[in-house]
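Here is the structure we will look at, set down as structure tokens.
Since every read-out is calculated from the coordinates, none of them should be taken as a lab result. Keep in mind it's a predicted model, so treat the numbers as computed, not measured. Here Cβ is always computed from backbone atoms with ideal geometry, including for glycine, and neighbour counts include all displayed protein chains.
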């Protein structure tokens, strides 16, 4: 092995992802909201009425995964799924009143989390990090 375990950038990124996920999971537990479900909710709090396909595309998830999360969020009373008027095969997701109220509680947590994550990182460093992550994702996507 030419590279030591701790020197793989993919492992460093994975460890960071585990830390981020663990932190936000602990903050969302009281709301019965998994971190991945929270991503769906955040998109709906930003733009209510997105289709499952739009969510899958934005999150880079397969449609089955999004459908499963949507079903769970619907059972919890946070969203309702409705047939799209333009395409009966598509489902649009809408926030319920409970889902909207949840946003008032969770969005401040997400904003605080973002402040914690970005603490002592300059706007230029954040832009560089984003550029590098896009490059890494592009490199991997080309190989799939």
0 to 90° range, to nearest 10: angle between helix 123-143 axis and the chain longest Cα axis
80 degrees
Hey, with R₀ at 30 Å, roughly what FRET efficiency would residue 4 and residue 142 work out to, going by the Cβ-Cβ distance, to 0.05?
0.70
Sorted by Cβ density within 10 Å, fewest first, the residues 132, 59
132, 59
Compute the angle between helix 97-118 and the longest alpha-carbon principal axis of the chain, please, reported from 0 to 90 degrees and rounded to the nearest 10.
10 degrees
For 8, 94, order by how many other beta-carbon atoms lie within 10 Å, fewest first:
8, 94
Structure-based [θ]222 nm, the chain - -39500 (n - 2.57) summed over DSSP H runs of at least 4, per residue, nearest 500
-22000 deg cm²/dmol
Please report 68, 89 as a ranked list, fewest other C-beta atoms within 10 angstrom at the top and most at the bottom.
89, 68
With Cα springs under 10 Å, the Gaussian network model of the chain assigns the largest mean-square fluctuation among 120, 48, 17 to 120
